1. Is it true that GLU232 is in a helix (DSSP H, G or I) and out of contact with any helix residue (DSSP H, G or I) (no Cβ under 8 Å at 6 or more places or on another chain)?
2. Could you check the range 10-67 for helices (runs of 4 or more DSSP H) lying wholly inside it with 1 or more residues that are within 10 Å of the ligand (Cβ to nearest atom)?
3. Looking only at the range 73-93, filter to residues that are among the small types (Gly, Ala, Ser) and modelled with pLDDT of 95 or more; which one of those is nearest to ARG140 (Cα to Cα)?
4. Residues that are surrounded by fewer than 20 Cβ atoms within 10 Å (Cβ to Cβ), within 15 Å of the ligand (Cβ to nearest atom), outside any helix (DSSP H, G or I) and in contact (Cβ under 8 Å) with a residue 40 or more places away in the chain: does the range 89-107 have at least one?
5. Within the bounds of the range 264-271, is there any residue that is on the phi > 0 side of the Ramachandran plot, away from the ligand (no atom under 16 Å from the Cβ) and open to solvent by less than 40 Å² (accessible area, probe 1.4 Å)?
6. Among the residues of the range 276-299, is any within 26 Å of GLY9 (Cβ to Cβ), surrounded by fewer than 22 Cβ atoms within 10 Å (Cβ to Cβ) and within 16 Å of the ligand (Cβ to nearest atom)?
7. Taking the range 300-311, which residues are open to solvent by less than 60 Å² (accessible area, probe 1.4 Å) and in contact (Cβ under 8 Å) with a residue 24 or more places away in the chain?
8. Do you know which residues across the range 125-184 are part of a strand (DSSP E or B) and in contact with a Phe, Trp or Tyr (Cβ under 7 Å, 6 or more places away or on another chain)?
Amino acid sequence: MKISIAGTGYVGLVSGACFADLGNNVLCLDVDESKIARLQAGDIPIYEPGLEAMVKRNVAAGRLRFTIDPQASVAHGTVQFIAVGTPPGEDGAADLSYVLGAARDIGRYMTEYRVVVDKSTVPVGTAEKVRGVIAEELARRGVQIDFSVVSNPEFLKEGAAIEDFMRPDRIIVGADDSRAVEIMRSIYAAIQRNHERMIVMDIRSAELAKYAANAMLATRISFMNELANLAEGLGADIEQVRLGIGSDARIGYHFLYAGCGYGGSCFPKDLTALSRMAAEQRTSLHVLNAVREVNAAQKLRLIEKVTQRFGEDLRGRRFALWGLAFKPNTDDMREAPSVAVIDGLVERGATICAYDPVAAHEARKRYADNGRVSLAESPLAALDDADALVIVTEWKEFRSPDFDEIRKRLKQPVVFDGRNLYEPALIHIFGIEYHGIGRGHGSGIQPRLKSAQP
Ligand SMILES: NC(=O)c1ccc[n+]([C@@H]2O[C@H](COP(=O)([O-])OP(=O)(O)OC[C@H]3O[C@@H](n4cnc5c(N)ncnc54)[C@H](O)[C@@H]3O)[C@@H](O)[C@H]2O)c1
């Protein structure tokens, strides 16, 4: 099958590489000339496990190509995916200008039937707007060409994107014509040989399902974070509570880890966009608003712990920080808790020496003009002369560190663990002062509970 993908970012490039790996002939389009030039030169602009080898393999086989020419892209694929960004606009609603720009190109250049597939996360009603823009362009050209518009939201996770794409829990297809559904079924057939994973529904429900999924996951995180803060006051350990409730099959273990908040390019913007959708319907999503509020506070939780321990004035203090990416196995720092933590500490006069296995290049761009933030080549090197270690991202390589070395290198053996990587009892044996999130007596300083009941 010939497939075109507009938008060669985390979703577009992974989808393009995976479809090519399944034998399809894929052309990836982007408006970013430097990104396409890098890809054409064999350089992969993002970090995603397994992606580089997959891209190279398929480029070599002639099944994966890159272009900045929208006309060539529209001419290529019977299926035209739109996987461009949908960042928040000024009012928090998703900015649809990129999606509609890509749709307009399709209307401008198509000469025969096309299935236009919204893979970007888009507000309910966007497929109708995409259809409208394409119809407008066709009318302007004075031609009548058949096309279908389908919603096929993407559920892959950065850091495990290839695995998620190749073995999805489900493939949601929102469509209102059977020809498009059959084409979607055929392009996804290769990854559902084991059992049918495609769920076909109406377009609006498909669009909403994507937001609902992210909202549910974020809700679980904020719920646990709020409970973690309470657990600190009560002397209970949120990790034990997690095990206690996760064992209930109705609840399950996923997304129940307390920590220093969620970030990334999806949850924050998608929750804001969903709240905007609700506001447009003159209704309010009370639970979601609380989820966002709890998360904003939770991103500052480590700063609170640091200042309770070292005082509000952090001038002359140096902190080692492990983990910059918003989660492990990605170099994505969009809305990362590390940014809030670094900003908060630097604002109070501290200097930071940070380490991340793959996001250093992102951090270098972000902090190029900030003399207070430096980057270390290894986790241990970040510790030298630091007053304490602050852990923000749960990279695997941080899970079993050399605690003796941590104690020796730090000026004071203090660890603030924003991801509860360590057992408080174990780390105490090494003579390290430990501050986790919601770890009862292993949480260090008691939290300032927002509204303590009498
Ligand atoms: N990143 C994720 O983990 C993830 C997961 C599921 C869904 N999504 C959704 O998928 C969409 C894309 O996300 P992303 O993280 O891949 O974004 P991204 O920012 O990494 O990539 C988007 C790309 O689209 C390009 N672009 C913009 N306008 C274009 C146009 N008219 N034609 C061609 N290319 C154009 C940009 O230059 C950019 O390279 C968003 O709606 C996002 O919410 C993302």
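The values are calculated or read from the model by the stated rules, or taken from the named source; none is laboratory data. In this text, all values refer to a predicted model and were calculated from it rather than measured experimentally. In this analysis, Cβ positions are derived from the backbone assuming ideal geometry, glycine residues included, and neighbour counts consider all displayed protein chains. Heads up: the accessible areas ignore ligands, DNA and RNA and are worked out on the full protein's heavy atoms, side chains in. Shrake-Rupley method; radii C 1.70, N 1.55, O 1.52, S 1.80 Å.
1. For GLU232, the condition - in a helix (DSSP H, G or I) and out of contact with any helix residue (DSSP H, G or I) (no Cβ under 8 Å at 6 or more places or on another chain) - is not met.
2. Answer list for the range 10-67: 10-21, 33-40.
3. Checking each candidate, the answer is ALA75.
4. Yes; the residues of the range 89-107 include at least one that is surrounded by fewer than 20 Cβ atoms within 10 Å (Cβ to Cβ), within 15 Å of the ligand (Cβ to nearest atom), outside any helix (DSSP H, G or I) and in contact (Cβ under 8 Å) with a residue 40 or more places away in the chain.
5. No, there is no match, as no residue in the range 264-271 is on the phi > 0 side of the Ramachandran plot, away from the ligand (no atom under 16 Å from the Cβ) and open to solvent by less than 40 Å² (accessible area, probe 1.4 Å).
6. Taking every residue of the range 276-299 in turn, at least one turns out to be within 26 Å of GLY9 (Cβ to Cβ), surrounded by fewer than 22 Cβ atoms within 10 Å (Cβ to Cβ) and within 16 Å of the ligand (Cβ to nearest atom).
7. ARG301, LEU302, ILE303, GLU304, LYS305, VAL306, THR307, GLN308, PHE310
8. Correct list: PHE147, ILE171.
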